[in-house]
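Reviewing the structure listed below.
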Amino acid sequence: MSEFKRTLVTTALPYANGPVHIGHLAGVYVPADIYVRYLRLKGEEVMMVGGSDEHGVPITIKARREGVTPQDIVDRYHTLIRDSFKDFGISFDVYGRTTSDTHRRTASDFFRRLYDKGEFIEKTSQQLYDPEAGQFLADRYVTGKCPHCGAEGAYGDQCEACGTSLNATDLIDPRSAITGAVPVMKETTHFYLPLDKWQPRLEEWILKGHKEWKTNVYGQCKSWLDMGLQPRAVSRDLDWGIPVPVEGAEGKVLYVWFDAPIGYISNTIDLVGDDYTKWWKDPETRMIHFIGKDNIVFHCIVFPAMLMADGTYNLPDNVPANEFLNLEDDKISTSRNWAVWLHEYLRDFPGKQDTLRYTLTANAPETKDNNFTWKDFQARNNNELVAILGNFVNRAVVLDHKYFGGKVPERGELQEIDKAVLEEVRQAVAATAADLDQFKFREALRQAMNVARAGNKYLADTEPWKVWKSDPERVATILNVALQICATIAIVGEPFMPFMSRDLCEMLGIRDINWQMAGRDDILKAGDNVGEAKLLFTKIEDDAIQAQMDRLERIKEENKLAGWNPEPVKAECSFEDFEKLDIRVGKVLECERVKKSKKLLKFRIDDGLGGRTILSGIAASYPEPEKLVGTEVLFIANFAPRKMMGEESQGMILSAVNPDGSLTLASASAEVKPGAQVG
């Protein structure tokens, strides 16, 4: 770090077509915020730049589906995302948007500079085209059957069911998502950035110059480079986006993955104006990209190639990408609503921002995909934040008020146990810093929590409540040490749990903190006022967790219904075969469960011919069979009687199988005389 004067941190730009969820938080925004807060505490010059990605096909699809304009969509979700981040404590210096005037101008100028330098090539190719809509189809505008798993509704770029990346032309029976028409191939011309031209320099820069990058990042980059880079399109045939600023390119816009990363630059300009060059072009500025693993190629190969082609910008120094976070052992999916949405979490768990920040960091997918469960979330809050950190601080402050009237007591001579705990705290602080410097946030949090664990054990071992009567001066020393540890918790915990840190600083009367104070034994001075004890964390009860589990269960059922397809039609049968069936209308006179059977209901039917008994295996779908009395049902009258559970069934009642597996009785749509034939 010594060769850099400042650090520019960028975070992946979320699509403004929906809210952000815990996968986004764990992968990008929480680790980025931890790192930036840590650098600020160290007194370093740092800027955190984020913003919404407001172009691209997912936004136009959402707008078309809702019958509104793309601008309506991005205005709605940009505001929701920005406000959610702020309420969650993500401390951006600027959170901008790619529909701003500054961004349109910056992205257009960037393209034009490269165009004027001859950095693009033009290629004509065949692409899918909707003849009814009269437009070319981006990958997300094409749906069909996945060639790998056979799932219907796969997109032209990815199958949501199996996760396989696709090309639109791979789909079986492709259809336009706009009109449902079968697309045709049509010729179109686009601008391409020749990544192959920059391959030698990218190899030198990444493979030789950045072997310290995380294994997943370095490995994915090497894989792409080993395959050989190909020219990549930087324009698209769309009507939503930044127009290509070249004569003759009417109807074409900048491809979103060319447009979006320039948003980091334009958002910086919106914050500091012409001073942006200090952050983007001064070699003494270090740039760090925080992203998820699906963006590694764009931030390590595509965007750097764009910057190389321009020739005046810094390249990123590190790209600490995380893997994916699953939810309750299932892949997070926005299309299936299988997610914990940030704005809903903030509503359901008010004042518990730090609990989610803590859980996502403690379980961060740093080296492999990881899993979020509501039970783990509850356990970490109750067993760690409440029982360890909160318990220690509360005991220290309550005891100080009990014995010393809320003043920091004068410390006497330190005993070995005091020196040992203070040294343990100093080591934990040093280990926390070392891990944060290496982007090991999960381990850094563990080390920071070791400060609270050490404090808890210290109070348990010294037992000041037992010593008070015999040696109050010793208690003064114990509580002085304990309060110093509390102050260190407020400092080392701030990057991870800023709301806890704010409340603890207020309780201890600390106005300003910095990292250099952490671990010292004189943060608080004898005689300083200590405020009344305030619970930093409160227990999360089982009913709050059950409500979340019930919500997920409802979503699972909704997805099952949404993905339902009718069974294939059975083999052809002749009309003569159908005529053999005698289907009639009957009125239910009695209905009850068959004893010792979980499946069977016993119907007494008025069939117009003197009545009959029919057994039907629909008990699970009708838990109150007596309510069926009086309903009219359809039954097959000419099946041979057969014995079931000691009862004779004289026919078969017709029912339909619902998408969720339940059964619904087939009935006449109007009142019909019992015994009437259906035909």
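The values are calculated or read from the model by the stated rules, or taken from the named source; none is laboratory data. Quantities reported herein were computed from a predicted structural model and do not represent experimental measurements. Positions of Cβ are generated from backbone atoms using ideal geometry, with glycine treated the same way; all protein chains shown enter the neighbour counts. Heads up: the accessible areas ignore ligands, DNA and RNA and are worked out on the full protein's heavy atoms, side chains in. Shrake-Rupley method; radii C 1.70, N 1.55, O 1.52, S 1.80 Å.
Looking at GLU204 and the list (1) touching a residue at least 12 places away in the same chain (Cβ under 8 Å); (2) open to solvent by 30 Å² or more (accessible area, probe 1.4 Å); (3) in a helix (DSSP H, G or I), which single condition is not satisfied?
Condition not satisfied by GLU204: (1).
Within the stretch 77-95, is there a residue that is touching a Lys or Arg at 6+ places or on another chain (Cβ under 6 Å) and either among the polar types (S, T, N, Q) or farther than 28 Å from ARG347 by Cβ (or both)?
Looking through the stretch 77-95, none of the residues is touching a Lys or Arg at 6+ places or on another chain (Cβ under 6 Å) and either among the polar types (S, T, N, Q) or farther than 28 Å from ARG347 by Cβ (or both).
Select from the stretch 220-252 the residues that are in contact with a strand residue (DSSP E or B) (Cβ under 9 Å, 6 or more places away or on another chain), open to solvent by 30 Å² or more (accessible area, probe 1.4 Å) and outside any loop (DSSP other than H, G, I, E, B) and write down the one among them that is farthest from GLN199 (Cα to Cα).
That would be PRO243.
Working only within the stretch 583-628, note down all residues that are open to solvent by less than 40 Å² (accessible area, probe 1.4 Å) and hydroxyl-bearing (Ser, Thr, Tyr).
Across the stretch 583-628, the qualifying residues are SER597, THR613, SER616, SER621.
Go through the stretch 140-186 and give me each residue that's of a type in the set (Val, Ile, Thr) and touching a His at 6+ places or on another chain (Cβ under 7 Å).
Matches in the stretch 140-186: THR164 only.
Working only within the stretch 470-497, note down all residues that are open to solvent by 10 Å² or more (accessible area, probe 1.4 Å) and of a type in the set (Ser, Thr, Tyr).
Passing the criteria: only SER470.
For the condition under 17 Å from GLU494 (Cα atoms) and surrounded by fewer than 23 Cβ atoms within 10 Å (Cβ to Cβ), what is the one hit in ARG40, ARG76? Can you show your working first?
Numbers: ARG76 fails: under 17 Å from GLU494 (Cα atoms).
When all the criteria are applied, what remains is ARG40.
Mind listing whichever residues of the stretch 645-657 are open to solvent by less than 60 Å² (accessible area, probe 1.4 Å) and either on the phi > 0 side of the Ramachandran plot or out of contact with any Ser or Thr (no Cβ under 8 Å at 6 or more places or on another chain) (or both)?
Within the stretch 645-657, GLY651, LEU654 qualify.
Within the stretch 47-63, does at least one residue satisfy the condition of being at pLDDT 95 or above and surrounded by fewer than 18 Cβ atoms within 10 Å (Cβ to Cβ)? Don't jump to the end; show me each part of the working.
Going residue by residue through the stretch 47-63, those that are at pLDDT 95 or above are 47-55.
Keeping just the survivors that are surrounded by fewer than 18 Cβ atoms within 10 Å (Cβ to Cβ) gives none.
No, the stretch 47-63 has no match at all.
Just one of (1) open to solvent by 30 Å² or more (accessible area, probe 1.4 Å); (2) over 25 Å from the mean Cα position of the chain (by Cα) trips up GLY144, so point out which.
It is condition (1) that GLY144 fails.
Inside the stretch 119-141, can you point out the residues that are within 16 Å of GLY180 (Cβ to Cβ), acidic (Asp, Glu) and open to solvent by less than 30 Å² (accessible area, probe 1.4 Å)?
Hit for the stretch 119-141 is ASP130, nothing else.
Quick one: how many residues across the stretch 530-559 are farther than 21 Å from VAL386 by Cα and open to solvent by 100 Å² or more (accessible area, probe 1.4 Å)?
Adding up the residues that qualify gives 2.
Could you tell me which residue of the stretch 305-362 is most open to solvent (accessible area, probe 1.4 Å), considering only residues that are closer than 22 Å to VAL217 by Cα and of a type in the set (Phe, Trp, Tyr)?
PHE324
If I filter the stretch 200-218 for residues that are touching a strand residue (DSSP E or B) at 6+ places or on another chain (Cβ under 7 Å) and either under 25 Å from GLN158 (Cβ atoms) or basic (Lys, Arg) (or both), do I get at least one hit?
No, because not a single residue in the stretch 200-218 is touching a strand residue (DSSP E or B) at 6+ places or on another chain (Cβ under 7 Å) and either under 25 Å from GLN158 (Cβ atoms) or basic (Lys, Arg) (or both).
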